[in-house]
1. Looking for something touching an Asp or Glu at 6+ places or on another chain (Cβ under 9 Å) and assigned to a loop (DSSP other than H, G, I, E, B) - is there at least one such residue anywhere in segment 116-134?
2. Filter segment 135-161 down to the residues that are open to solvent by 50 Å² or more (accessible area, probe 1.4 Å), of a type outside the set (Asp, Glu) and either farther than 26 Å from Met96 by Cβ or modelled with pLDDT of 90 or more (or both) and list them by number.
3. Picking from Ile182, Ile109, which residue would you name as being open to solvent by less than 20 Å² (accessible area, probe 1.4 Å), closer than 28 Å to Ile94 by Cβ and not in a strand (DSSP E or B)?
4. Please determine, by comparing only the residues of segment 112-134 that are within 17 Å of Gly180 (Cα to Cα) and of a type in the set (A, V, I, L, M), which one is most open to solvent (accessible area, probe 1.4 Å).
5. Identify all residues within segment 186-202 that are of a type in the set (A, V, I, L, M, F, W, C) and not in a strand (DSSP E or B); write none if there are none.
6. So Ile165 clears everything in (1) surrounded by fewer than 17 Cβ atoms within 10 Å (Cβ to Cβ); (2) assigned to a strand (DSSP E or B); (3) touching a Leu at 6+ places or on another chain (Cβ under 9 Å) except one condition, right? Which one?
7. For Cys194, only one of the following conditions fails: (1) open to solvent by 40 Å² or more (accessible area, probe 1.4 Å); (2) modelled with pLDDT of 90 or more. What is its number?
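The values are calculated or read from the model by the stated rules, or taken from the named source; none is laboratory data. Since the model is a prediction, treat every value here as computed from it, not as a measurement. Don't worry about glycine lacking a Cβ; one is built from the backbone with ideal geometry, like all the others, and counts go over all protein chains shown. The area values use the complete protein model at the heavy-atom level, side chains included, leaving out ligands, DNA and RNA. Shrake-Rupley method; radii C 1.70, N 1.55, O 1.52, S 1.80 Å.
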Amino acid sequence: MTQSNYPPAWPDQQPYRPLAYPGAAPVPPPPKPVGRRVAIAVTGLLAAILAITGFAVPGFFLHHDDPAPAVAAPGSTSARPAAPTSSVAAKTTIHMGSPEQLAAAKNLIATFVDALNHDDAKAAGHLACPESASILGGQLIVAVEAPTNLAVADDEPEYQGAGYIGVRVGGTTNQRQVAGEILAWQPLTRAELCVRRLDLKW
């Protein structure tokens, strides 16, 4: 009978633990797997970010095909809202020398003359073109002096080209008989007429 070179395994044998001698430092516990937990947490965070950016905002994984335009059913009263018009298209088209523009010029000069008759320089100044406000002011000082009683003539306004319209006026100013024209102006870049020049003779 051969003997085994290994010591016998006793049933109650406990695993080896280092002996703790009096005054010796306690045995440190085995290290915890911190690196593995950090790796799991980072992986989960990256997966959450990928899911949000892929399927929500901005949605890399989603199709971005333009939706087909909605077709109204027959008999339906609903209509798609009109696209906003640009500022250029929204501007009113100016027809130079048209009857509408000539009538507007005559009304403007009538309002301007009424302000002169009431010696209301402020109201008259609001109707002047910004480019000629100072020149027109000088012409008014020379040609118009209270008391003033001017009126727009019955003659049709005359379109003189380049947006200029002459309106005939006549009456009295400072007890002098005067007649002439007041020039209205509307360039293509402006939506309204303004008073450009005063030409009265006595």
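1. yes
2. Pass one, segment 135-161, residues open to solvent by 50 Å² or more (accessible area, probe 1.4 Å): 135, 141-142, 145-147, 149, 151, 154-156, 158-160.
Adding the requirement that they be of a type outside the set (Asp, Glu) leaves 135, 141-142, 146-147, 149, 151, 159-160.
Ile141, Val142, Ala146, Pro147, Asn149, Ala151, Tyr159, Gln160 - these are the residues of segment 135-161 that are open to solvent by 50 Å² or more (accessible area, probe 1.4 Å), of a type outside the set (Asp, Glu) and either farther than 26 Å from Met96 by Cβ or modelled with pLDDT of 90 or more (or both).
3. Numbers: Ile182 fails: not in a strand (DSSP E or B).
That would be Ile109, the only listed residue that is open to solvent by less than 20 Å² (accessible area, probe 1.4 Å), closer than 28 Å to Ile94 by Cβ and not in a strand (DSSP E or B).
4. Among residues in segment 112-134 that are within 17 Å of Gly180 (Cα to Cα) and of a type in the set (A, V, I, L, M), the one most open to solvent (accessible area, probe 1.4 Å) is Leu116.
5. Our first condition is that a residue be of a type in the set (A, V, I, L, M, F, W, C); within segment 186-202, this holds for 188, 191, 193-195, 198, 200, 202.
Leu188, Ala191, Leu193, Trp202, listed by residue number.
6. (1)
7. It fails just one condition, (1).
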